[in-house]
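Asker: This is the structure, below, for whatever I ask next.
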Amino acid sequence: MIKVSILTENTVYKRGFLGEHGLSLLIETKGKRYLFDTGQSRVFLHNADMLHLPLENLDGIILSHGHYDHCGGMGYVQCLGTKVPVYVQQKAFEKKYTENPQTGELRYIGMEDASEWKKSQQLNLLSESCTQISEGFYLLSDITYTTEFEPNSGGFWREVCKEQGPELMADTMEDEQILVVESSKGLCVFAGCAHPGIINCLHYAQSAFPGKHIHSLIAGMHLKGSGRQRIIQTVQALQNLDIDKVIPLHCTGIRAIGMIKEALGERCILAEAGKQIEI
């Protein structure tokens, strides 16, 4: 059994809990406790206190990618006490921007100054496409674009240092990593935003674990603002994968969440900040 506590999410319904545009999950199983993302502020700490969940004895912090709404809370982890292993792709520290499609204006969406928490924690810079962090826990990155309706969407930029100075290049989100946890029921897949496309992410997990059934998906699916046809294709692909439990969060968007729920029925679990789920 895997227990997932949603510490940060875009929506909130219970008294005393806080919500924000971001994601943070506490994942507990096999005697391990991992924090998956930290949202953009200290909201994850507040909601953990509301749930009476101590965060002082974590086995690790996993950062899904280098955007502010997933890493911003790292500025507050010093209060957790002892050093905690932090698992992050090395390209996550690049300066990152998003482009307004109407005006072309760039907005900074990368990490704020990480120098302090990088010194205070046990930083693990990852570069491999598959890294086992403990028994049954794997981080996958370098996600390939194999699904026809999920091409590289563009609109994201990263700043790269070159001899002549910093230069902006298209960001294909090579730093994004998904967590795969093996369970007796199959694979449990966690994604922060799934910028490469949630179906691409799931196919990538299948290729890394051939023959294994995907039991559950807990993810931001980056469908907010997507057209109806893209959402329909995504929902159809989720149905074809025959996943037992799908929990859409964060950047999935209200429209897409509604369509997923309508198609999958009880297999789709709606969740918000403060909710705890056993899978």
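Asker: Given the criteria closer than 29 Å to residue 128 by Cα and surrounded by fewer than 19 Cβ atoms within 10 Å (Cβ to Cβ), does residue 221 qualify?
Answerer: So residue 221 fails the test.
Asker: Is there a residue being assigned to a strand (DSSP E or B) and under 18 Å from residue 220 (Cα atoms) anywhere in region 54-66? Reasoning before the result, please.
Answerer: Here is the first cut: in region 54-66, the ones assigned to a strand (DSSP E or B) are 60-62.
Checking the rest, the ones that are also under 18 Å from residue 220 (Cα atoms) come to 61-62.
Yes; the residues of region 54-66 include at least one that is assigned to a strand (DSSP E or B) and under 18 Å from residue 220 (Cα atoms).
Asker: Just wondering, is there one or more residues in region 145-165 that are within 15 Å of residue 218 (Cβ to Cβ) and under 19 Å from the mean Cα position of the chain (by Cα)?
Answerer: Within region 145-165 (the criterion being within 15 Å of residue 218 (Cβ to Cβ) and under 19 Å from the mean Cα position of the chain (by Cα)), the answer is no, since none of the residues qualifies.
Asker: Out of the strands (runs of 3 or more DSSP E) lying entirely within region 100-179, which hold 3 or more residues that are touching a residue at least 60 places away in the same chain (Cβ under 8 Å)?
Answerer: Those strands (runs of 3 or more DSSP E) span 130-134, 137-140, 156-162.
Asker: Mind checking which residues of region 19-34 are assigned to a strand (DSSP E or B), in contact (Cβ under 8 Å) with a residue 40 or more places away in the chain and buried (at least 20 other Cβ atoms within 10 Å of the Cβ)?
Answerer: Residues of region 19-34 assigned to a strand (DSSP E or B): 24-29, 32-34.
So of that shortlist, the ones also in contact (Cβ under 8 Å) with a residue 40 or more places away in the chain come out as 24-25, 27, 29, 32, 34.
24, 25, 27, 34 - these are the residues of region 19-34 that are assigned to a strand (DSSP E or B), in contact (Cβ under 8 Å) with a residue 40 or more places away in the chain and buried (at least 20 other Cβ atoms within 10 Å of the Cβ).
Asker: Any idea which residue in region 1-18 is surrounded by the fewest Cβ atoms within 10 Å (Cβ to Cβ), counting only those that are part of a strand (DSSP E or B) and among the hydroxyl-bearing types (Ser, Thr, Tyr)? Don't jump to the end; show me each part of the working.
Answerer: From region 1-18, those part of a strand (DSSP E or B) are 3-8, 12; that's our starting set.
Of the ones still in play, those that are also among the hydroxyl-bearing types (Ser, Thr, Tyr) are 5, 8.
Numbers: 5: 21, 8: 34.
Taking the candidates together, the pick is 5.
Asker: Collect the residues in region 168-190 that are over 16 Å from residue 27 (Cα atoms), β-branched (Val, Ile, Thr) and touching a helix residue (DSSP H, G or I) at 6+ places or on another chain (Cβ under 8 Å), keeping them in residue-number order.
Answerer: If the condition is that a residue be over 16 Å from residue 27 (Cα atoms), β-branched (Val, Ile, Thr) and touching a helix residue (DSSP H, G or I) at 6+ places or on another chain (Cβ under 8 Å), then no residue fits.
To keep it simple, each residue is scored yes or no on (1) surrounded by 19 or more Cβ atoms within 10 Å (Cβ to Cβ); (2) on the phi > 0 side of the Ramachandran plot; (3) polar (S, T, N, Q).
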residue	(1), (2), (3)
190	yes, no, no
207	no, no, yes
214	yes, no, no
234	yes, no, yes
244	no, no, no
247	yes, no, no
259	yes, no, no
266	no, no, no
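Read-outs: derived from the displayed coordinates by stated rules, not from any lab. Everything numeric here is computed off the predicted structure, so don't read it as measured data. Every residue, glycine as well, gets a Cβ built from its backbone with ideal geometry; the counts of neighbours run over all protein chains shown.
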